[in-house]
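The values are calculated or read from the model by the stated rules, or taken from the named source; none is laboratory data. Owing to the predicted nature of the structure, the values given are computational and were not obtained by experimental measurement. Cβ atoms come from the backbone with ideal geometry, glycine included; neighbour counts cover every protein chain shown.
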Amino acid sequence: MSGIKILGTGSYKPPGVLTNAMLESVVETDDAWIVSRTGIRERAISDKDETSLSMSLAACKAAIEQSGARAEDIGVIVAATLTGDYLTPSLSCLLQRELGLSTHVLPLDINCACSGFVFALKTAHSLLADMPDKCALVIGCEMLTRITDYTDRSTCILFGDGAGAAVIRRTEEGIFAFDGGGRGDSELLVCKAQYIGNSPFVDQSRDRAPDGLFMNGPEVFRFALEAAPASIAASLEKAGVEMEAVQHFVLHQANGRIIEGIQRRFGIPPEKCYVNIGTTGNTSSASVAIALDELHRSGAIAAGDIMVIAAFGGGLTFASVCLAWQ
């Protein structure tokens with residue numbers, strides 16, 4: 001089995017903070033209600049001058065600096081986002097330009113919502129099979145506060161902004177076992193953005209499809225507690241690793257109760273699960289990337305440690321990977 005070496009990680013959270021108390025002024029809610037149901041006390045919020053590109057750049061530069069990689073070492077960029085600044089050019093293409101990377105870098109954006117960073121790791125690992133001397137830059141970035149409906153108290157309490165990145169290299173030894181999939185659904189978790197344009201050949205009397213993020217929380221909660229444990233178990237089986245042998249679980253920071261549910265399902269000690277949802281909120285594809293960077297920079301990960309990274313969300317999608325830290 002081939003593996004990956006994570007050479008460096010980086011993250012960026014905007015300095016703006018949206019507290020539960022601030023939400024009380026715009027929607028019928030309160031701090032105790034939010035904390036008891038989500039575990040969130042505050043979340044980072046971008047200002048008007050920030051973009052997905054600027055946040056991604058900050059995270060990528062931190063990851064590259066820590067990795068020691070040179071511009072010529074990077075052969076792949078995979079950016080996971082559902083809130084890119086443009087439909088085209090892609091976020092990965094803009095990062096290639098701003099980071100001064102070779103025009104022969106393979107730039108790729110993917111939209112798997114909250115599972116995006118885990119899918120991006122797998123995509124980069126696969127693409128590097130033909131580039132044994134190259135590294136990949138993997139990014140998860142979201143500006144969810146730009147698409148959140150702040151009249152909907154069931155969703156506006158959840159989301160924040162941020163970006164996380166990693167520089168990885170494929171290795172011929174080690175552990176990298178992936179499991180993932182999707183269950184197409186446009187009802188439970190959806191963000192509509194349909195541009196009709198001004199074509200004389202299209203009936204303009206119909207309304208533009210509404211923007212904004214909608215989520216059926218209870219049903220997504222049930223999906224997460226079904227799909228995530230099954231995927232984690234599958235990736236561990238592929239890796240030939242027992243649950244008890246895992247030192248670190250980096251789970252999507254969607255809801256504190258979901259994380260607790262996964263812990264109970266497998267009997268995972270809380271100290272093995274890195275949790276930062278209290279101060280980040282749900283940052284979708286940036287979620288596990290930010291958590292991974294914080295855990296890495298804390299010094300808690302040792303060479304040889306087994307780690308599980310798992311996420312679930314819009315699509316609906318789910319993904320997990322079991323890897324050995326090198």
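Can you confirm whether segment 264-272 contains a residue that is under 20 Å from Ala59 (Cβ atoms) and touching a strand residue (DSSP E or B) at 6+ places or on another chain (Cβ under 7 Å)? Within segment 264-272, none of the residues are under 20 Å from Ala59 (Cβ atoms) and touching a strand residue (DSSP E or B) at 6+ places or on another chain (Cβ under 7 Å). Every listed requirement among (1) under 25 Å from Gly162 (Cα atoms); (2) out of contact with any strand residue (DSSP E or B) (no Cβ under 9 Å at 6 or more places or on another chain) is met by Ala254 save one, (2). For first residues located in segment 282-311 and farther than 20 Å from Asp109 by Cβ and in the same structural domain as Glu65 (by TED's automatic domain parsing), partners that are in a loop (DSSP other than H, G, I, E, B) and at pLDDT 95 or above and lie 6+ apart or on another chain with Cβ distances below 8 Å do not occur.
Of all residues in segment 46-54, none satisfies being within 25 Å of Thr317 (Cα to Cα), in contact with a strand residue (DSSP E or B) (Cβ under 8 Å, 6 or more places away or on another chain) and not polar (S, T, N, Q).
Looking at the structure I just gave you, is Ser54 at pLDDT 95 or above, assigned by TED's automatic domain parsing to the domain that holds Arg169 and over 30 Å from Asp130 (Cβ atoms)? Judged against the criteria, Ser54 is a match. Screening Ala245 with (1) loosely packed, with under 15 Cβ neighbours inside 10 Å; (2) free of Cβ contacts under 8 Å to residues at least 40 places away in the same chain; (3) not acidic (Asp, Glu) gives one miss only, at (2).
Comparison of Ser320, Ser298 shows that the only residue that is of a type outside the set (Lys, Arg) and surrounded by fewer than 19 Cβ atoms within 10 Å (Cβ to Cβ) is Ser298.
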